[in-house]
Amino acid sequence: MSQTPFFENLDQIFVLLQHWLVSFLPTSWQPAAGVLLSVAAIVCLFPALFALTTVFERKGLARIQNRLGPNRVGPFGIFQPIADAIKSLTKEDIVPLSADAAVHFLAPLLLVITVFMGFAVLPMGRNMVLVDLDAGLLFYFAMGASSELAVFMAGWSSRNKYSLLGAMRAVAQMISYEVPLLLSSVAVVMITGSLSLTKIVEAQNQYTWGLPHWYIFTPWGFAGFVMYAIATTAETNRSPFDLPEGESELVAGYHTEYSGFKFALFFLGEYVAMFSISGLGTTLFLGGWSAPLSFLTWIPSWIWFFSKLMLSIFVFIWMRGTLPRLRQDQLMNFAWKFVLPMCLVNLLVAALWRFMGDGWLRWVFCSAILIAAYAGMGLGEMRRQRLGPRSYRYAE
Amino acid sequence: MSEMQSHSAILADKPESWNRPAVMEPEGEGELMEVAMGPHHPSTHGVFRMDVALDGERVMRLRPVFGYLHRNHEKIAEGQSYLASMPYTDRLDYICPITNNWAYALAVEKLAGQEVPERAEYLRVILGELTRFQNHASSIGFLTQEMGAMGTPLMYAFREREKILDLFEELTGARMMVNYMRFGGCRVDASPGWLERTRKVVAGLAGFVDEFDRLLSTNEILMARTQGVGVLKAELAVNAGVTGPMLRASGVNYDIRKVDGYGIYNRFNFRVPLGDHGDVYDRYMIRMLEMRESIGILQQALREIPAGPVMSPTAKLRGFRPKRGEAYGRIEAPKGELGFYLISNGGPNPYRYRVRPPSLINLTVLEDMCLGVNVADVVLIFGSVDIVLGEVDR
Amino acid sequence: MLGEGILKGMAETAKNFFGSYFSAERLTTVEYPEQRIAPYEAARVFPFLVFDGSDWEAGMRCVACQICEKECPPKCIFIEKSKDKKPDALGKQQFYPARFDIDISVCMSCQICVEVCPFEAIKMDTEYELSTDNRFGGLLLDRRQLAKSNQYYHQIHPAEADGVDARLAAEKAKADAKTKITAEAKTAAIAGEGA
Amino acid sequence: MSIVFYLLAAITVAGGLAAMLLKNTVHCALALTVAFAGLALLFLNLDAQFAGFAQILIYIGAVAILVVFAILLTRASETPKDGVFSKTWLAGLAVAAAVFAVLGWAVMQSVRVLPHETAVPEVTVQQIGVALVGRYVLPLEIVAVLLTAALIGAVIVAMHEKVGHEKEEGK
């Protein structure tokens, strides 16, 4: 509401800092230098976040499992990632004799590059976006699609059955879940009428009775968010969709034959992909950098963005600590027979929502359609596969 | 390249059985891919190998290869006194050493016609059911671990197992290698304090089973992974000699605690849960239900345990020479029928010593359960058999 | 059916996540080098030889009867009987072990040697931090290394040691009484002869 | 015609040549991906964002993966021992020349229509969308129907085999 200049400056602190740093340079260099500075910031920030997240993940998983987690390096083990980094940097880089050395080398690089490219269009705060592309969402998905190739290259070049199987699984899974990922985002695009991520955030940054206009608080937005979350989990190969790395079957999946720093790059790539895709989910459904309640708008926008990001990361960790993984064919069935139809129904509902105009009727109507579709398809699938709780008999 | 050659040399050395035609024909003209799962595979519970022939991801043939952990247990036992084999039985199924002790003690007692005092029988039941509980809990934990549950259920199981192992350590001096039972009783008596602590632990076990139930039993992913997978028909199970929870999951009512009523089991009031499908989910649920029954037995035993000696006065520790004859002692171990077969020629050591390991015999139906399933389910089915390689290979 | 099983499981793990911060029942981890659990009285690791008094060589209870060597399942005990005899705690002339080695890399801590020993000479230690950088010599303990005082035995297994001491004392009393009786009988006989 | 254009053109052509000349089929597919990427960058260089991103999304994200999968599933990923030139290289050359001629002719035609276009047209994604469902709705629908038919056809081809197999098993 009433923003004091101090908080306004705090909100824009990174933007101001960038402008101030750039102002020392000649005018003709300033745009390029500004972009470079932002890129450097992103490239430094997210690996740092990755390092922190690995500790939090291990600590969180440990607590879920009633353990203590890493606590030897530094206070509460927070320097564990430094130790891990030193370890992976000093480890021997083993390339299998029969591996395709060039492709084996390029795969982790390609993965990390494409993953980082996605951040270019994510608005991480008010006025904090690297390039405000008109087709930002499209750019993001284009980059996401390219990372599949890196996974394939890694698996194929290793000349290992486990690697190849893992890569095939990973690519098949990523392609399958890309469809619902796109379709659930399309609903947002339909309502907003723009592919630009900044416009999508701005559309959600409004308040009625102090409550925000986040898309997750609408029937189609909620359903879309759930579908998006499922697709995201599969896309980033996280539990319960972590089959490509399912250690009980495939040892380690496509990075079985990677060691040392190349393995670390894969690890980094996976986590950074998780950040970026969570960031996109935040932008699309959770209002990006906007505050959850109208009287909290004085808190800097980037704080909101990153807290939402970390919250979704926490949910990822929580799911990983709870759920067993699906089987490959079940995963595919789930994508094509449940998530995809739900996304299509959701598209329909989003269109209805747009054309039914304001009023309580559209809430009831849209929710009813979605709930009916969800329950019908879910129960039908369970019945078809003869799944369900059982009762047991006892001998005497 | 030399690696390739040596590999083909190994292939040429394979036994005849390997060259038999695949049990299932591949679809189309695709070739079979042979994958060696193990011996150093993350999910083989130790050193165990499954040579799997795959068509795509479907299992066409599976050959279990074991013996990596062979320790010559039976021959060693024939070379030394009856007592000296007792600590070795701890190391058969190292998850549940108490029941191994019990089966061996039962066989020797049968051979020597040795009576066991009342209190010792109660102690055996208490320890045996505690063992069954922790074995089932950790076996479910391993099963879900293989399903990729990041070890969370396993850690919960180990949390409870820790409490039970603490009780074992307090009573017997060791957490796993207990060496507790003797021919004609138990080595040491339980103090009243120990019984009190055991009652406390047993009171907490029901809550743990409930927790497990909430965490897993209705989980959709677990149901999707396990229901209808690895079906073992009752007929095949009986013919193959499968025993234990695996047999009961296939719907056969066979529990040696009921059939033989060995020890004092016929005094306790408990039920035998039976499954109707014989799939992995049934095996999982049967173990869950058996854990609840075990709690019931434990409560009764802890309520009724009488005072008295734990060793029969006629028991001999040194110079133990049973008369000539043979005996087969069997119990319902957590994994199935564990039996010891002994022949005595009157000497200080057994003439013949043979173990009937439930793990090994339950494992013989592995291929039948795995044919045609997805390779990911092989690991699951293998986990649901619940084996310990120490017992399989001996 | 429609995901509530998953949600129930997630609630359970969340309960454990927060529970691990509050309930010691849940978080059972002991941070080993800093924290230690005191061993149970019944705990057993590797055997040691008990001696009475302060001189380990003179007070050693072992009489080299070699029963434990014979009964040891993995055969990790090696005993060499002495040629000469010397008085034991009861004052009786006994053999003593000229060599008594236990290879604790072979020993499986089964306690059978303790059970079969008729002289209460071998007992189980509770010391478990035994790592050494020498695989062969470092784990082959000779009788000097194995010898531990009776006080030490009392320290690690108080109740058991009390029982053992009482039994030994009773035996000694019996033996003393016997020697006394025989001595008296002897003196009586001598006196009778004299008379 | 800036230096960026020449750089991108060089990458694209090099990728194309490598795709043609490399021995290992998977390497060829990867080189083809490089060519696709160069093309996408050329689009972007012309400020055609939508076309550029769509090129990456579809060609690299889908087509390249499809090619790679096809290679793997048909076991053509092993390096052939003999040369890379097919025996029917003459026919191939003829087809390539014909395609090139058609493309060249089309390009020449369009240049004659727009002889001196220098200003960059401001085409937003929204405009493309409006054009697709407005003026070009019929072609769009035809393409959609065609693709759906192809999809269903593919599914039927795949399903048929399975049904036949099940019948065999039934016997």
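The numbered conditions (1) under 22 Å from the mean Cα position of the chain (by Cα); (2) farther than 24 Å from B:Ala190 by Cβ; (3) in a loop (DSSP other than H, G, I, E, B) are all true for B:Ile95 except (2). Residues of region B:217-258 that are in contact (Cβ under 8 Å) with a residue 40 or more places away in the chain, assigned to a helix (DSSP H, G or I) and among the small types (Gly, Ala, Ser): B:Ser217, B:Ala234, B:Ala237, B:Ala240. Which members of region A:33-57 meet the condition of being without any contact (Cβ under 8 Å) to a residue 24 or more places away in the chain and closer than 24 Å to A:Leu109 by Cβ? Within region A:33-57, A:Leu36, A:Leu37, A:Ala40, A:Cys44, A:Leu45, A:Ala48 meet the criteria. Among the residues of this structure, B:Arg225 does not count as one that is surrounded by fewer than 23 Cβ atoms within 10 Å (Cβ to Cβ) and either under 29 Å from B:Val378 (Cβ atoms) or of a type in the set (Lys, Arg) (or both). With respect to the stated conditions, A:Leu165 fails to be touching a helix residue (DSSP H, G or I) at 6+ places or on another chain (Cβ under 9 Å), more than 17 Å from A:Met274 (Cα to Cα) and either more than 13 Å from chain D (Cβ to nearest Cβ) or β-branched (Val, Ile, Thr) (or both).
Checking every residue in region A:331-349 against the condition of being without any contact (Cβ under 8 Å) to a residue 60 or more places away in the chain, at positive phi and within 14 Å of chain B (Cβ to nearest Cβ) gives zero matches.
In region B:259-303, the residue that is surrounded by the fewest Cβ atoms within 10 Å (Cβ to Cβ) out of those that are of a type in the set (Ser, Thr, Tyr) and part of a helix (DSSP H, G or I) is B:Tyr265.
Taking the condition part of a helix (DSSP H, G or I), more than 10 Å from chain B (Cβ to nearest Cβ), touching a strand residue (DSSP E or B) at 6+ places or on another chain (Cβ under 6 Å) and of a type outside the set (Gly, Ala, Ser), does C:Glu69 pass? Spelling it out, C:Glu69 is indeed part of a helix (DSSP H, G or I), more than 10 Å from chain B (Cβ to nearest Cβ), touching a strand residue (DSSP E or B) at 6+ places or on another chain (Cβ under 6 Å) and of a type outside the set (Gly, Ala, Ser). Whenever a residue of region B:105-131 is on the phi < 0 side of the Ramachandran plot, its partners that are hydroxyl-bearing (Ser, Thr, Tyr) and assigned to a loop (DSSP other than H, G, I, E, B), lying with C-beta atoms within less than 6 angstrom and at least six residues away or across chains, give the pairs B:Glu115/B:Ser312; B:Pro117/B:Ser312.
Got a sec? Which of A:Gln65, A:Gln30 is of a type outside the set (Gly, Ala, Ser) and surrounded by 18 or more Cβ atoms within 10 Å (Cβ to Cβ)? Show your work before the answer.
On the way: A:Gln30 fails: surrounded by 18 or more Cβ atoms within 10 Å (Cβ to Cβ).
On inspection, the qualifying residue turns out to be A:Gln65.
I'd like to verify a number: residues in region B:58-67 that are closer than 18 Å to B:Gly383 by Cβ and not in a strand (DSSP E or B), how many?
So in region B:58-67, the residues closer than 18 Å to B:Gly383 by Cβ come out as B:59, B:62, B:64-66.
Filter once more, so that each one left must be not in a strand (DSSP E or B): B:66.
Total meeting the criteria: 1.
With respect to (1) within 26 Å of A:Glu178 (Cβ to Cβ); (2) within 12 Å of chain B (Cβ to nearest Cβ); (3) surrounded by fewer than 18 Cβ atoms within 10 Å (Cβ to Cβ); (4) not aliphatic (A, V, I, L, M), the lone exception for A:Tyr394 is condition (1). Screening A:Leu326 with (1) outside any helix (DSSP H, G or I); (2) at pLDDT 85 or above gives one miss only, at (2). For region A:362-370, the count of residues that are away from chain B (no Cβ under 14 Å), part of a loop (DSSP other than H, G, I, E, B) and over 30 Å from A:Met168 (Cα atoms) is zero.
Of all the helices (runs of 4 or more DSSP H) wholly in region D:13-79, which have at least 2 residues that are away from chain A (no Cβ under 12 Å) and buried (at least 18 other Cβ atoms within 10 Å of the Cβ)? Can you show your working first?
Details: elements: D:25-45, D:49-55, D:64-73.
Because the criterion is at least 2 residues that are away from chain A (no Cβ under 12 Å) and buried (at least 18 other Cβ atoms within 10 Å of the Cβ), the helices (runs of 4 or more DSSP H) in region D:13-79 that meet it are D:25-45.
Of all residues in region C:28-38, none are surrounded by 15 or more Cβ atoms within 10 Å (Cβ to Cβ) and assigned to a strand (DSSP E or B).
Given the residues C:Gln111, C:Gln155, C:Gln145, C:Gln93, which is the only one that is more than 17 Å from C:Cys62 (Cβ to Cβ) and not small (Gly, Ala, Ser)? Spell out how you get there, then give the answer.
On the way: C:Gln111 fails: more than 17 Å from C:Cys62 (Cβ to Cβ); C:Gln145 fails: more than 17 Å from C:Cys62 (Cβ to Cβ); C:Gln93 fails: more than 17 Å from C:Cys62 (Cβ to Cβ).
That would be C:Gln155, the only listed residue that is more than 17 Å from C:Cys62 (Cβ to Cβ) and not small (Gly, Ala, Ser).
Exactly one residue out of D:Val113, D:Val84, D:Val107, D:Val120 is over 30 Å from A:Glu148 (Cβ atoms), at pLDDT below 85, touching a Leu at 6+ places or on another chain (Cβ under 9 Å) and of a type outside the set (Phe, Trp, Tyr): that is D:Val120. Only strands (runs of 3 or more DSSP E) wholly contained in region C:88-185 count here; list those with 3 or more residues that are more than 14 Å from every other protein chain (Cβ to nearest Cβ) and out of contact with any His (no Cβ under 7 Å at 6 or more places or on another chain). Once the strands (runs of 3 or more DSSP E) in region C:88-185 are filtered for at least 3 residues that are more than 14 Å from every other protein chain (Cβ to nearest Cβ) and out of contact with any His (no Cβ under 7 Å at 6 or more places or on another chain), what remains is C:97-103, C:147-149.
If we scan region A:4-12, do we find a residue that is within 14 Å of chain C (Cβ to nearest Cβ) and of a type in the set (Asp, Glu)? Step through it out loud before you land on a result.
Step one: filter region A:4-12 for residues within 14 Å of chain C (Cβ to nearest Cβ), giving none.
No: region A:4-12 contains no residue that is within 14 Å of chain C (Cβ to nearest Cβ) and of a type in the set (Asp, Glu).
Please determine, by comparing only the residues of region B:228-258 that are of a type in the set (S, T, N, Q) and buried (at least 19 other Cβ atoms within 10 Å of the Cβ), which one is farthest from the other protein chains (Cβ to nearest Cβ).
To start, the set of residues in region B:228-258 that are of a type in the set (S, T, N, Q) comprises B:239, B:243, B:250, B:253.
Then keep just the ones that are buried (at least 19 other Cβ atoms within 10 Å of the Cβ); that gives B:243, B:250.
Details: B:Thr243: 15, B:Ser250: 13 Å.
Here the answer is B:Thr243.
When A:Ser163, A:Ser157, A:Ser184 are checked against the criterion of being surrounded by 24 or more Cβ atoms within 10 Å (Cβ to Cβ) and within 29 Å of A:Asn205 (Cα to Cα), a single residue qualifies: A:Ser184.
Can you name the residue in region A:105-148 that is farther than 29 Å from A:Ala33 by Cβ and modelled with pLDDT of 85 or more and, of all such residues, is farthest from the other protein chains (Cβ to nearest Cβ)? Within region A:105-148, the match that is farthest from the other protein chains (Cβ to nearest Cβ) is A:Pro108.
Pick from C:Tyr32, C:Tyr21: which is more than 8 Å from every other protein chain (Cβ to nearest Cβ) and either over 23 Å from the mean Cα position of the chain (by Cα) or among the aliphatic types (A, V, I, L, M) (or both)?
Working: C:Tyr21 fails: more than 8 Å from every other protein chain (Cβ to nearest Cβ).
Unique residue meeting the criteria: C:Tyr32.
Taking A:Phe6 as the residue in question, decide whether it is modelled with pLDDT under 80, under 30 Å from A:Arg126 (Cα atoms), crowded, with 16+ Cβ neighbours inside 10 Å and not β-branched (Val, Ile, Thr). For A:Phe6, the condition - modelled with pLDDT under 80, under 30 Å from A:Arg126 (Cα atoms), crowded, with 16+ Cβ neighbours inside 10 Å and not β-branched (Val, Ile, Thr) - is not met.
Take the residues in region A:77-104 that are among the charged types (D, E, K, R) and touching a helix residue (DSSP H, G or I) at 6+ places or on another chain (Cβ under 8 Å), then tell me which one is nearest to the other protein chains (Cβ to nearest Cβ). Taking the candidates together, the pick is A:Asp100. Only one entry of C:Asp176, C:Asp133, C:Asp103, C:Asp162 meets the criterion of being over 23 Å from the mean Cα position of the chain (by Cα) and either modelled with pLDDT of 85 or more or within 25 Å of B:Cys186 (Cβ to Cβ) (or both), and that entry is C:Asp133. For region B:15-73, the candidate set comprises residues that are small (Gly, Ala, Ser) and either surrounded by fewer than 20 Cβ atoms within 10 Å (Cβ to Cβ) or in the same structural domain as B:Met147 (by TED's automatic domain parsing) (or both); within that set, the residue that is modelled with the highest pLDDT is B:Gly67.
Within region C:91-103, does at least one residue satisfy the condition of being in contact with a Lys or Arg (Cβ under 9 Å, 6 or more places away or on another chain), over 29 Å from B:Ser81 (Cβ atoms) and of a type in the set (Phe, Trp, Tyr)? Checking region C:91-103: not a single residue is in contact with a Lys or Arg (Cβ under 9 Å, 6 or more places away or on another chain), over 29 Å from B:Ser81 (Cβ atoms) and of a type in the set (Phe, Trp, Tyr).
The values are calculated or read from the model by the stated rules, or taken from the named source; none is laboratory data. For clarity, every value in this text was computed on a predicted model and none was experimentally measured. No Cβ is skipped: glycine too gets one built from the backbone with ideal geometry, and neighbour counts run over all protein chains shown.
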